[in-house]
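The values are calculated or read from the model by the stated rules, or taken from the named source; none is laboratory data. Only a predicted model underlies this, so the values are computations on that prediction, with no experimental measurement involved. Positions of Cβ are backbone-derived with ideal geometry, glycine not excepted, and every protein chain shown enters the neighbour counts. Only protein heavy atoms, including side chains, enter the accessible area calculation; ligands, DNA and RNA are left aside. Shrake-Rupley method; radii C 1.70, N 1.55, O 1.52, S 1.80 Å.
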Amino acid sequence: MKKIWEKIKSIFKDPEIKRKIYFTLFIFLAFRIFAFLPVPAIDLSRLRSLFSSNQFLSLLDIFSGGTLINFSVMALGLNPYINASIVLQLLTVMIPSLEQLSKEGEYGRHKINQYTRFLTAPLTIIQSVGIFILLKNQNIIGALSPLEFFSFIFTMVAGTFILVWFGELISEYGMGNGISLLILAGIVGRLPVTLSKTASIFNREMIFNALIFVALAIIVIASIVFINEAIRKIPVYYAKRIKGNRLYQGAANFLPLKLNQAGVIPIIFAVSFVLFPQLIGNFLVSLKNANMASIGRFLVNFFSPSGFFYNFFYFVLVIGFTYFYTIVVFNPQKISEEIQKHGGFIPGIRPGPATKRYLENILYKITSVGAVFLGVIAILPVLMSKITGVTSLVIGGTGILIVVSVILETFKTVEAQLVMRNYDKFIK
């Protein structure tokens, strides 16, 4: 505890780190203010009644940070941007020119981010129109003139892009990944509301179940921390070599392979996809065409957040995106070439293609463990609710995954900044 307190004090002693933290908190404050700035012409009482009777919409509201139930100018949240990022990452793997662009350092990342924003615009418009039709069919929004309709759509698009801008500001001037931190802020912002709803339904008979729930939640958090911090160390030896007129001595080092290379990204991607069938279903249910409405009811029931197929689909998506993102962020071919280029080798493994195959084999094995763990943790809250009877916190599992992972990554970023600022102390 003393070491933690000393580290916190050292953080706030550094003016640059302190400035970044204060800037991040300021953006959080601006985000929460926008979350309570409603769009005109919305019947909020009917909207909240609809959310209370629809588990899917309540789930969406958690990830929007309460902007959806208040139907603020940021009601769509970061969903369009996340969907655009998924599409761009898939295209980067499939299209050679984009793959080459992604390897061009800062310029390549800037161009891909620009393409992502371009793609976000049409996706935001499509989702805005879908939300408008859904609200109109539920009599939550009245008849609008063409000018009012376009104003509504423009407000939704502007709100999403302001939120994306906030995320980029945090990434550039704040502390950590801006998009992930805004998702974290949204989930934490709605946590008091979720807990108060849960507390209101408790009675004496449920106290034991609640204690079981809390104990399992602590175990889940500890397991997430363990998996995020677990690494496989691959030993790498470097032979003596001459470069110019200098002789470089041999050295031993290790290549750290994380059990969960992809971090929180697979969870965010999977949530964006797993909610899509329910979104389509809720849209079709409101149509006057009987066939379309029946298809919508089938999708709503088939992909119910507490149902088997929703959770199975979610489980598979988490595993799939974990493998996909790991392949994107960790390239065994490039790593093996770098090791060979600097005169290194893995004991018992020939440099070059053999090293590449060895790294791929190790990577797939440890990723399998990490992917299955993330998938199990993602659906565990539903199982917990069946066991304990506490149903109002079913949506907490994915939120816990995101919150814990983002906090861990942010602390690592802060610690790296501290090491960089105090590097002189380590070389004395």
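Only one residue in SER45, SER128, SER97, SER85 is part of a helix (DSSP H, G or I), at pLDDT 80 or above and either open to solvent by 70 Å² or more (accessible area, probe 1.4 Å) or aliphatic (A, V, I, L, M) (or both), so which one is that? Working first, answer last.
Details: SER45 fails: at pLDDT 80 or above; SER128 fails: either open to solvent by 70 Å² or more (accessible area, probe 1.4 Å) or aliphatic (A, V, I, L, M) (or both); SER85 fails: either open to solvent by 70 Å² or more (accessible area, probe 1.4 Å) or aliphatic (A, V, I, L, M) (or both).
Going through SER45, SER128, SER97, SER85 in turn, the sole match is SER97.
Out of the residues in the range 135-164 that are more than 19 Å from LEU37 (Cβ to Cβ) and in a helix (DSSP H, G or I), which is least open to solvent (accessible area, probe 1.4 Å)?
PHE149
I'm trying to understand the selection: among the residues of the range 1-14, which are at pLDDT 70 or above and open to solvent by 100 Å² or more (accessible area, probe 1.4 Å)?
Once the filter is applied, which keeps residues that are at pLDDT 70 or above and open to solvent by 100 Å² or more (accessible area, probe 1.4 Å), the range 1-14 yields only LYS13.
Could you list all residues from the range 270-309 that are within 20 Å of ILE86 (Cα to Cα) and either assigned to a helix (DSSP H, G or I) or of a type in the set (Ser, Thr, Tyr) (or both)?
Residues of the range 270-309 within 20 Å of ILE86 (Cα to Cα): 270-280.
Within the range 270-309, ALA270, VAL271, SER272, PHE273, VAL274, PHE276, PRO277, GLN278, LEU279, ILE280 meet the criteria.
Grab the strands (runs of 3 or more DSSP E) fully contained in the range 213-269, keeping just those with 3 or more residues being surrounded by fewer than 20 Cβ atoms within 10 Å (Cβ to Cβ) and modelled with pLDDT under 75. Lay out the reasoning, then the answer.
Working: elements: 231-238, 241-243, 246-248, 251-258.
Result: 241-243, 246-248.
Within the bounds of the range 68-78, is there any residue that is open to solvent by 20 Å² or more (accessible area, probe 1.4 Å), modelled with pLDDT of 75 or more and within 24 Å of the chain's Cα centre (by Cα)?
Yes, some residue in the range 68-78 is open to solvent by 20 Å² or more (accessible area, probe 1.4 Å), modelled with pLDDT of 75 or more and within 24 Å of the chain's Cα centre (by Cα).
Is it the case, given these coordinates, that VAL382 is assigned to a helix (DSSP H, G or I), open to solvent by 10 Å² or more (accessible area, probe 1.4 Å) and modelled with pLDDT under 80?
On the way: assigned to a helix (DSSP H, G or I): yes; open to solvent by 10 Å² or more (accessible area, probe 1.4 Å): yes; modelled with pLDDT under 80: yes.
Yes, satisfied.
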